[in-house]
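Student: Please find one structure pasted underneath; my questions will follow.
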Amino acid sequence: MLEEINYDTKLFGLIGKNIKYTLSPYIHNFSFRTLGINAVYLVFDLDEMKFNRVINGILEIMDGLNVTIPYKEEVMKYLDNTDPYSTRIQAVNTIYKKSGYNTDYLAIKNLVRKKIGNISGYECYIYGAGGAAKAAAFALSELGCSSISIVNRTRSRADELAKLLTKNGYYASIKENCNSSSNIIVVNSTPNPSVVPENCIQKSVLVIEFVYRPVETELIKNAKKYDIKYIDGLEILVNQAVEAEKIWFNKSLPDEKIIEYLYARKLVW
């Protein structure tokens, strides 16, 4: 357990914009204390102008970082290299010694395997087209989704994601809504869980939600209502954090222990 900050204390943190809501410092500082790691985890809430001014300095002094909206793509040009997954996805959410990784992608793969295993032949609908949508699209494609259908408010962003997936050998198209008959997987990567219509949820074999406050969003409530398997936003948040710590330290706490701590502290509901 870390009793004091000293010369040897390692620095980790989160970079994003308008991220006062984040649970990352609670998760990682709890984990560091429990594992006896001499490190602290900070938050850097930066607008675009400040991000461009300070990012190189932050990368030089920090041992590791997480990256969230809106910098998962922008940060890549400041890194020395990126691993094969984040290079294909073109989004980074974890950094270690100026190398980029994508643990959102790893978390989706881990959790989908755990919840339903084989998804070969399913059509996957993804609401949103940002960094989280990219990670989910690639993870689900690699797990066997026959096609990725992108539903996004901004057509140009949806086009970019569809082209990126096609370039990597996956079938992707842009849809206005969810119009498949059955056996689909639905992902909400937007901040609005209500964007997924109820009739779409009814056709699903699995629902994936990135929003974690509240944990039981409208999307998760509807999944429960129709007895559909689901992955909630808290599961994704914690698993991607665990995967980040494995990159930084080659160890972490079990997901369940972190989730238990967050509920005990009343940080989630």
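Student: At a Cα cut-off below 21 Å, give the lysines reachable from K17, other chains included and same-chain residues fewer than 8 away excluded.
Tutor: Within reach: K50, K72, K77, K98, K134.
Student: Could you calculate the FRET efficiency of S173 with S99 from 1/(1 + (r/R0)^6), where r is the beta carbon distance between them and R0 is 30 Å, rounded to 0.05?
Tutor: On the way: r = 33 Å, r/R0 = 1.11.
About 0.35, to the nearest 0.05.
Student: Karplus couplings for the range 192-203 from phi (6.51 cos²θ - 1.76 cosθ + 1.60, θ = phi - 60°), rounded to Hz, Gly and Pro as x?
Tutor: Coupling constants for the range 192-203: 10, x, 6, 5, 8, x, 4, 5, 6, 4, 4, 8 Hz.
Student: Accessible area of the range 77-178 with a 1.4 Å probe: how many percent of it is carbon plus sulfur? Write down the numbers at each step before the final one.
Tutor: Values: 1920 of 4280 Å².
Carbon and sulfur together cover 45 percent of it.
Student: Rounding to the nearest 10 and keeping the result within 0 to 90°, find how far the Cα-based axis of helix 103-115 lies from the longest principal axis of the chain.
Tutor: Between the helix axis and the principal axis of the chain, the angle is about 50 degrees.
Student: Taking amide hydrogens as modeled 1.01 Å from N in the peptide plane, which residues meet the under 5 Å criterion relative to I208, leaving out close sequence neighbours?
Tutor: Amide H neighbours of I208, under 5 Å, 5+ apart: V186, V187, N188, I231.
Student: Calculate, for the range 70-110, the solvent-accessible area per residue in square angstrom, rolling a 1.4 angstrom probe over the heavy atoms of the protein chains. Provide the component values of the computation, followed by the final result.
Tutor: On the way: 1580 Å² over 41 residues.
Heavy-atom SASA per residue in the range 70-110 reads 38 Å².
Student: Return the distance in nm (one decimal) between the two label points of a simple spin-label model at D8 and N199, each offset 7 Å from Cα along Cα→Cβ.
Tutor: The two pseudo-label positions are separated by 6.3 nm.
Student: Place +1 on the Cβ of every Lys and Arg and -1 on the Cβ of every Asp and Glu in the chain, take the dipole about the Cα centre, and give the residue among I27, N81, S146 whose Cα lies farthest towards its positive end.
Tutor: Positive-most Cα among the choices belongs to S146.
Student: Which angle from 0 to 90°, rounded to the nearest 10, does the C-alpha axis of helix 131-143 make with the longest principal axis of the chain?
Tutor: That helix lies at roughly 60 degrees to the long axis.
Student: Would you pull out the residues with amide H under 5 Å of I174's amide H, same chain only if 5 or more places away, H placed 1.01 Å from N?
Tutor: Under 5 Å from the amide H of I174: I150.
Student: Identify, among S120, L262, Y230, the residue whose Cα sits farthest towards the positive end of the charge dipole of the chain, taking +1 on the Cβ of Lys and Arg and -1 on the Cβ of Asp and Glu, with the dipole about the Cα centre.
Tutor: S120
Student: Need one word for the range 159-262: rounded, prolate or oblate. Basis is the Cα gyration tensor (sqrt eigenvalues a ≥ b ≥ c); a/c below 1.5 gives rounded, then a/b vs b/c decides. Kindly include the intermediate steps, with their values, before the conclusion.
Tutor: Numbers: a/c = 2.43, a/b = 1.31, b/c = 1.85.
It is oblate, given that a/c is not under 1.5 and a/b is not larger than b/c.
Student: Cα centroid distance between the range 190-208 and the range 140-187, in Å?
Tutor: The range 190-208 and the range 140-187 have Cα centres spaced 14 Å from each other.
Student: What angle do you read, to the nearest 10 degrees and between 0 and 90, between the alpha-carbon axis of helix 155-167 and the longest principal axis of the chain?
Tutor: 90
Student: Find out how many positive minus negative residues lie around A158, taking Lys and Arg as positive, Asp and Glu as negative, among other residues whose Cβ is under 13 Å from that of A158. Spell out each step's value before the answer.
Tutor: Working: positive: K134, R153, R155, R157, K163, K175; negative: D159, E160, E176.
Surrounding charge for A158 is +3.
Student: Using a simple charge model, +1 on the beta-carbon of Lys and Arg, -1 on the beta-carbon of Asp and Glu, nothing else, what dipole does the range 186-257 show about its Cα centre, in debye to the nearest 20? Before the final figure, lay out each step's value.
Tutor: Details: 9 positive and 11 negative charges, 12 e Å.
Computed about the Cα centre, the dipole is about 60 debye.
Student: Dipole of the range 1-70, Cα-centred, from +1 at each Lys and Arg C-beta and -1 at each Asp and Glu C-beta, to the nearest 20 debye? Mind dumping the intermediate values first?
Tutor: Numbers: 6 positive and 8 negative charges, 45 e Å.
Computed about the Cα centre, the dipole is about 220 debye.
Student: So which residue, out of A162, A91, A241, gets the largest mean-square fluctuation from a GNM of the chain using Cα contacts under 10 Å as springs?
Tutor: Between A162, A91, A241, it is A162 that shows the largest mean-square fluctuation.
Student: Right, something else. Can you give the relative contact order of the chain as a percent, counting alpha carbon pairs under 8 Å and 6+ residues apart? Please list the in-between numbers first.
Tutor: Details: 498 pairs, mean separation 39.2, N = 269.
Relative contact order here is 15 percent.
Student: Pull out the extension gain between R213 and I19, defined as 0.36 nm times the separation in residues minus the alpha carbon to alpha carbon distance; nm, one decimal.
Tutor: Working: separation 194, 0.36 × 194 = 69.84 nm, distance 1.29 nm.
Working it through step by step, the gained length comes to 68.6 nm.
Student: Provide the per-residue ³J(HN,Hα) series for the range 252-264, in order, calculated from phi with Karplus coefficients 6.51, -1.76, 1.60 and θ = phi - 60°, each as a whole number of Hz, with x at glycine and proline positions.
Tutor: With coefficients 6.51, -1.76 and 1.60, one gets 6, 7, x, 3, 4, 5, 5, 4, 4, 5, 5, 5, 4 Hz.
Student: So, counting K/R as plus one and D/E as minus one, what does the shell of residues with Cβ under 11 Å around Y78 add up to?
Tutor: On the way: positive: K77, K98; negative: E60, E74, D80.
Net local charge, Y78 excluded: -1.
Student: Dipole size in debye (nearest 20) for the chain around its Cα centre, Lys and Arg Cβ +1, Asp and Glu Cβ -1?
Tutor: Numbers: 33 positive and 30 negative charges, 81 e Å.
The dipole magnitude comes to about 380 debye.
Student: Within a Cβ distance under 10 Å of F30, other residues only, what is the Lys/Arg minus Asp/Glu net charge?
Tutor: On the way: positive: R33, K257, R265; negative: none.
So the environment of F30 carries a net charge of +3.
Student: Something else: Can you compute 3J(HN,Hα) from phi for each residue in the range 53-69, using the Karplus curve 6.51 cos²θ - 1.76 cosθ + 1.60 with θ = phi - 60°, rounded to whole Hz and x for Gly and Pro?
Tutor: With coefficients 6.51, -1.76 and 1.60, one gets 6, 10, 4, 4, x, 4, 4, 6, 9, 8, 7, x, 9, 10, 10, 10, 3 Hz.
Student: Considering only DSSP beta bridges whose two residues both sit in the chain, what percent are antiparallel, to the nearest 5?
Tutor: Values: 6 of 40 bridges.
If I count the DSSP bridges inside the chain, around 15 percent turn out antiparallel.
Student: Most mobile of T166, T82, T217 per a Gaussian network model of the chain (Cα springs, under 10 Å)?
Tutor: T166
The values are calculated or read from the model by the stated rules, or taken from the named source; none is laboratory data. Everything numeric in this text was worked out from a predicted model, so none of it was measured. Using ideal geometry, Cβ is built from the backbone for each residue, glycine included, and neighbour counts are taken over all protein chains shown. Side chains included, ligands, DNA and RNA excluded: accessible areas come from the protein's heavy atoms. Shrake-Rupley method; radii C 1.70, N 1.55, O 1.52, S 1.80 Å.
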